[in-house]
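J.: Below you will find the structure I want to go over with you.
The values are calculated or read from the model by the stated rules, or taken from the named source; none is laboratory data. Keep in mind it's a predicted model, so treat the numbers as computed, not measured. Cβ sites come from the backbone with ideal geometry, for glycine too, and all protein chains shown count toward neighbours. The protein model used for the area step is the full one, side chains on, heavy atoms only, and it has no ligands, DNA or RNA in it. Shrake-Rupley method; radii C 1.70, N 1.55, O 1.52, S 1.80 Å.
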Amino acid sequence: MFNLIQNEWMKLWHKKGTWAILVILLLVIIGVGVLDKVFMEEVNDSDWKQEQQAMITDANTQLQTPDLDEWSIQMYEEQKEMAQYRLDNNAAPQVNQSMEGNMAFGASIMVLITLLTVIPGASIVSQEFTDGTIKMLLTRPVSRFKVLTSKLITIFLFGFTLILVTIVLTTVIGFILFGTATGVDLTIVDGVVQQTNTMKDIFLTYVYSLGDFTMSILFAFFIGTVFSSPSIAIALSMLFLMMGPMIIMLLKKYIPVEYIWLTHSDLTQHLRKEFFIEETTLFMSLAVLGVYAIIFIALSFMTFIKRDVKA
Amino acid sequence: MSKPIVELKNVTKIIKGKTLIDNLSLELFPGQITGFLGPNGAGKTTTVRLMTGLMRLTSGTITIEGASIADDYEKAISNVGVIVENPEMYKYMSGYKNLIHFSRMHKDVSKERIDEVVKQVGLTKRINEKVSTYSLGMRQRLGLAQALLHDPKFLILDEPTNGLDPAGIREFRTYLRKIAVENNVSIFVSSHLLSEIELMCDRVAVIQNGKLIDERMIQSDEKARMKLKAEPFELVENYLSSNDYVFTTQEGVFLLELKEDKVPDLINELVAQQVQIFAVSAVHETLEEQFLQMTGGGQIV
């Protein structure tokens, strides 16, 4: 099996497209870092303190407004509380232009990483068919099951490599350009202002983003294996990845969408506590995703193992 | 004849109600080169795909060295080297990387073995260049190299000389003959070039509409025929018919069934009867003529 993965890895990196994907990712990470640096505003103590003071004043003014709705009242109250907390504790707000800020940016581009992994994921099987190399690959003393497994593992390895590159690069670039952060992020839990743990948030964003990452790759791999056409597979997977929420909104009227993987694949819903359709438990989401993951994998393997190769 | 290395028994393939291969049985032997001929769409490539496990059998069995291709695929295919139609290689990699790729899928193919095969097929100079820069002939050579990597006992070649120049074809033929004789490899060659098959093969199997319609050895001397030009015509004709020779006449020339070792006797007797002999020559029935016989004059390729 190791030999087979080695083979797939070698083939992957001999394609120009793979390097293009890496270059795109690097350009985005470096580009955003550099732009942030160029447009960075010098933050000094007095500035942010004045700002916070202004926010309190503003909130107070707004709260004077008659017939203010409940939601707005809560918002201004929280704004006031947080600003007061910063002034009392000398806690400057977090800015994008910091190492932590840049790392958080890294976590936020998991959608891009997913998108970039879906491309080779959709073509790793189908391209063997369109190139006709599949017949050279399958007339070897290696079962089709092993061949397909090695391809699936290779694609996930590729995806994880991109994630690793992103984590390392955003950290290094963030540190070089901005240095470690001085500010803190605040959140209000049960009416009490608290400092958030930025590192933990970044870590959780990465972990929860793996839902979309895994499902999109499995879906692309499945379509690529069944249709043996890279273009159809890439187009369909991109469509589902980008338009997922829209598709769910459209289907919502007709079918119970809580049993569709697209409703759950964005696991960061559970992190933000803002749900796309209605509140569900993490367990429910993982269960739905698990069932679909098994279906995608099973269908990929069944078609690949049974099919007559005519390419 | 030794034991067959490959056995096809009642092989049938039906796709969407259409019978592509119909009850085909065939045995292939070590050290023998078997040609596989048939018109386009007769089922040559389908048969090759069934033998290599690319397609599944509808019914029947195929065994290679005793291992069933359907039930014991990895064992059965480990003895087989294949080129199915054009050898499609990974164009974005060098020839050498392609061979490394395939060698990793077999057991015990050393770097030395790769170099050896590269040398054998005459690609040493260009092996580190990308396959996309190769000519069709070079790809064909690389295709042969990947098929030979693991020293297979059974070699399946689908249109192997396609794209080779005449010198290349000749070299290729000699090479196949060599590995068949020296390594006792059984070779199965499908081709549409009758003359190619005739020069290359010991035996030929003919397929038409998915059915095996004939198989025979090539250049068997059992039914040698001689062409005789002699005068006077009537005298010769009378002599031949009274002595029970099987013959026909055609434009003053006799065509008779006669083995080579009987030729001097006939000449002596005719000379004794004052017959003037202008020419005696052996008639080689070409494969093409044999085919026209087999298929009743229908189109072969």
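J.: For the stretch B:180-268, what class follows from the C-alpha gyration tensor (a ≥ b ≥ c being the square roots of its eigenvalues): rounded when a/c is under 1.5, otherwise prolate if a/b is larger than b/c, else oblate? Each step should come with its number before you reach the end.
T.: Numbers: a/c = 3.35, a/b = 2.33, b/c = 1.44.
In terms of gyration-tensor shape, prolate.
J.: Now a separate question. Work out which residues of the stretch B:31-58 lose at minimum 30 square angstrom of accessible surface when the other protein chains are put back, relative to the chain isolated, with a 1.4 angstrom probe, and list them by number.
T.: Buried by 30 Å² or more upon assembly, which counts only protein chains, are B:Arg49, B:Leu54, B:Met55, B:Arg56.
J.: In nm, give the distance between the simple-model label positions of A:Met302 and B:Gln274, each being 7 Å from the Cα along the Cα-to-Cβ direction.
T.: Each label point is offset 7 Å from its Cα along the Cβ direction, giving 9.2 nm.
J.: Seen from all sides and averaged, what is the projected area of the convex hull of the Cα atoms in the stretch A:189-311, in nm²? Each step should come with its number before you reach the end.
T.: Values: hull surface 40.0 nm².
Average of the hull's projected areas for the stretch A:189-311 equals 10.0 nm².
J.: Residues of A:139-148, mean number of Cβ from any other protein chain within 10 Å of their own Cβ, rounded to a whole number? Don't jump to the answer; show the numbers that get you there.
T.: Numbers: counts 17, 13, 12, 7, 4, 2, 0, 2, 1, 0.
Taking all residues of A:139-148 together, the mean is 6.
J.: Scan chain A and note any complete DSSP helix (H) whose C-alpha atoms cover at least 27 Å along its axis and whose Kyte-Doolittle average is 1.6 or more. Display every interim value, and only then the final one.
T.: Working: long enough: A:16-38 (32 Å, 1.99); A:45-64 (29 Å, -1.41); A:70-89 (28 Å, -1.52); A:110-131 (30 Å, 1.26); A:144-178 (50 Å, 1.97); A:198-227 (43 Å, 1.23); A:230-251 (28 Å, 2.17); A:282-306 (36 Å, 2.16).
Helix filter hits for chain A: A:16-38, A:144-178, A:230-251, A:282-306.
J.: If you don't mind, there's one more thing I want to ask. Return the single residue from B:Val117, B:Val48, B:Val275 with maximal mean-square fluctuation; model: Gaussian network over chain B, springs between Cα atoms under 10 Å.
T.: Looking only at B:Val117, B:Val48, B:Val275, the largest GNM fluctuation is found for B:Val275.
J.: If each Cα of the stretch A:45-198 is one equal point scatterer, what is log10 of I(q)/I(0) from the Debye formula at q = 0.19 Å⁻¹?
T.: -1.12
J.: Further question: Pick out, from A:Gly31, B:Tyr175, A:Met284, the residue whose Cα sits farthest towards the positive end of the charge dipole of the protein assembly as shown, with +1 on the Cβ of Lys and Arg and -1 on the Cβ of Asp and Glu.
T.: Final value for the positive-end residue is B:Tyr175.
J.: Next up: Summed for both chains, how many Å² of accessible area, to the nearest 100, are buried between A and B with a 1.4 Å probe? Intermediate values should be presented prior to the final figure.
T.: Working: alone 17200 and 16330 Å², together 30530 Å².
What A and B bury together is about 3000 Å².
J.: Over the stretch B:93-201, how many pairs of lysines fall under 18 Å by alpha carbon, counting only those 8 or more apart in sequence or from different chains?
T.: Count of close lysine pairs: 11.
J.: By how many nm would the segment from A:Ile167 to A:Asp69 grow when fully extended, if each residue of separation counts as 0.36 nm and the alpha-carbon distance is taken off?
T.: On the way: separation 98, 0.36 × 98 = 35.28 nm, distance 4.22 nm.
So the extension gain works out to 31.1 nm.
J.: Summing Lys, Arg as +1 and Asp, Glu as -1, what charge do residues with Cβ under 15 Å from the Cβ of A:Ser285 carry, A:Ser285 excluded? Provide the component values of the computation, followed by the final result.
T.: On the way: positive: A:Arg272, A:Lys273; negative: A:Asp212, A:Glu258, A:Asp266, A:Glu274, A:Glu278, A:Glu279.
For residues surrounding A:Ser285, the net value is -4.
J.: Within the stretch A:62-100, find all residues whose amide N lies under 13 Å from a label point positioned 7 Å from the Cα of A:Gln195 along Cα-to-beta-carbon.
T.: Only A:86-94 pass the distance filter.
J.: Which three extents, in whole angstrom, do the alpha-carbon atoms of the stretch B:120-167 cover along their principal axes, largest first?
T.: 30, 23, 19
J.: Cα convex hull of the stretch A:173-247: mean projected area in nm², to one decimal? Please report the intermediate quantities before stating the final value.
T.: Values: hull surface 34.0 nm².
With every direction weighted equally, the projected area is 8.5 nm².
J.: Let me ask something additional. Report, please, the projected area of the stretch B:76-161 averaged over directions, based on the convex hull of its C-alpha atoms, in nm². All intermediate terms of the calculation are to be shown ahead of the outcome.
T.: On the way: hull surface 20.3 nm².
Projected area, direction-averaged: 5.1 nm².
J.: List the trypsin sites (Lys or Arg not before Pro) within the stretch B:138-246 that fall in a DSSP loop (any state other than H, G, I, E or B) and whose Cβ has at most 10 other Cβ atoms within 10 Å. Please report the intermediate quantities before stating the final value.
T.: Numbers: sites: B:Arg139, B:Arg141, B:Lys153, B:Arg170, B:Arg173, B:Arg177, B:Lys178, B:Arg203, B:Lys211, B:Arg216, B:Lys223, B:Arg225, B:Lys227, B:Lys229; in loops: B:Lys153, B:Lys223.
Qualifying residues, ordered by number: B:Lys223.
J.: Find, among the trypsin sites (Lys or Arg not before Pro) in the stretch B:91-120, those assigned to loop by DSSP (not H, G, I, E, B) with at most 11 other beta-carbon atoms within 10 angstrom. Don't skip to the end; give the middle numbers.
T.: Numbers: sites: B:Lys91, B:Lys97, B:Arg104, B:Lys107, B:Lys111, B:Arg113, B:Lys119; in loops: B:Lys91, B:Arg104, B:Lys107.
For trypsin sites (Lys or Arg not before Pro) across the stretch B:91-120 that sit outside H, G, I, E and B with at most 11 neighbouring Cβ atoms in 10 Å, the list reads B:Lys107.
J.: Let me ask something additional. If the viscosity is 1.306 mPa s and the temperature 10 °C, what Stokes-Einstein diffusion coefficient in µm²/s follows for the stretch A:237-282 when Rh is the Kirkwood radius over Cα pairs?
T.: Numbers: Rh = 11.0 Å.
Estimated via Stokes-Einstein, D reaches 145 µm²/s.
J.: A further question follows. Take every Cα-Cα pair in the stretch A:1-88 and report what % of them are more than 23 Å apart. Intermediate values should be presented prior to the final figure.
T.: On the way: 2325 of 3828 pairs.
The answer is 61 percent, as a whole percent.
J.: Just the number please: accessible area per residue for the protein assembly as shown, 1.4 Å probe, all protein chains included, in Å². Please list the in-between numbers first.
T.: Details: 30530 Å² over 612 residues.
So the protein assembly as shown comes to 50 Å² accessible per residue, rounded to a whole number.
J.: Then there is this: What would the Debye formula give as log10 I(q)/I(0) at q = 0.10 Å⁻¹ for the alpha-carbon point model of chain A, no solvent?
T.: Each listed q maps to, in turn, -0.71.
J.: Hey, in the GNM for chain A with a 10 angstrom Cα cutoff, which one of A:Ser265, A:Ser123, A:Ser72 fluctuates hardest?
T.: A:Ser72
J.: Longest span of chain B, sites excluded, free of GluC sites (Glu not before Pro) in DSSP loop with at most 15 other C-beta atoms within 10 Å?
T.: Details: sites that count: B:Glu129, B:Glu222, B:Glu251, B:Glu285.
Longest gap between qualifying sites, sites excluded: B:1-128.
J.: Find me the longest stretch of chain A that has none of the exposed GluC sites (Glu not before Pro), where exposed means in a DSSP loop (not H, G, I, E or B) with at most 13 other Cβ atoms within 10 Å.
T.: No qualifying site falls inside A:43-273, the longest such stretch.
J.: Find the eigenvalues of the gyration tensor of the Cα atoms of the stretch B:1-138, then list the square roots of 5 times those eigenvalues as equivalent ellipsoid semi-axes, largest first, in whole angstrom. Could you put the intermediate results ahead of the total?
T.: Working: eigenvalues 194, 68, 42 Å².
They are 31, 18, 14 Å, listed largest first.
J.: Apply the Debye scattering formula to the protein assembly as shown, with a single equal point scatterer on each alpha-carbon and no solvent, then give log10 I(q)/I(0) at q = 0.08 Å⁻¹.
T.: At q = 0.08 Å⁻¹ the computed log10 ratios are -0.76.
J.: Percent of alpha carbon pairs in the stretch A:91-130 separated by more than 15 Å?
T.: Numbers: 463 of 780 pairs.
Summing the P(r) tail past 15 Å for the stretch A:91-130 gives 59 percent.
J.: Mind giving me the FRET efficiency for B:His192 and A:Glu274? R0 is 60 Å, r the Cβ-Cβ distance, nearest 0.05 is fine. Walk me through the numbers on the way to the answer.
T.: Values: r = 67 Å, r/R0 = 1.11.
Using R0 = 60 Å, I get an efficiency of 0.35.
J.: Take the solvent-accessible surface of the protein heavy atoms, probe 1.4 Å, and return the percent of it on the stretch B:30-137 that carbon and sulfur atoms account for. Can you show the working numbers first?
T.: Working: 2030 of 4360 Å².
Using a 1.4 Å probe with all protein chains present, the stretch B:30-137 comes out at 47 percent carbon and sulfur.
J.: Given the -39500 (n - 2.57) contribution per DSSP H run of 4+ residues, what per-residue ellipticity at 222 nm results for the protein assembly as shown, rounded to the nearest 500 deg cm²/dmol?
T.: -17500 deg cm²/dmol
J.: Additional query: Quick one: dipole size for the protein assembly as shown, taken about the Cα centre, charges +1 on Lys/Arg Cβ and -1 on Asp/Glu Cβ, in debye to the nearest 20. Walk me through the numbers on the way to the answer.
T.: Details: 55 positive and 68 negative charges, 265 e Å.
Result for the protein assembly as shown is approximately 1280 debye, rounded to the nearest 20.
J.: Continuing with the same structure: Based on the Cα coordinates of chain B, what is the per residue volume of their convex hull in Å³?
T.: Residue-normalised Cα hull volume stands at 167 Å³.
J.: With a sphere of radius 15 Å drawn around the Cβ of A:Ile217, what net charge do the other residues whose Cβ falls strictly inside it have (Lys, Arg +1; Asp, Glu -1)? Walk me through the numbers before you get to the answer.
T.: Values: positive: A:Lys151; negative: A:Glu8, A:Asp212, A:Asp266.
Here the charged neighbours net out to -2.
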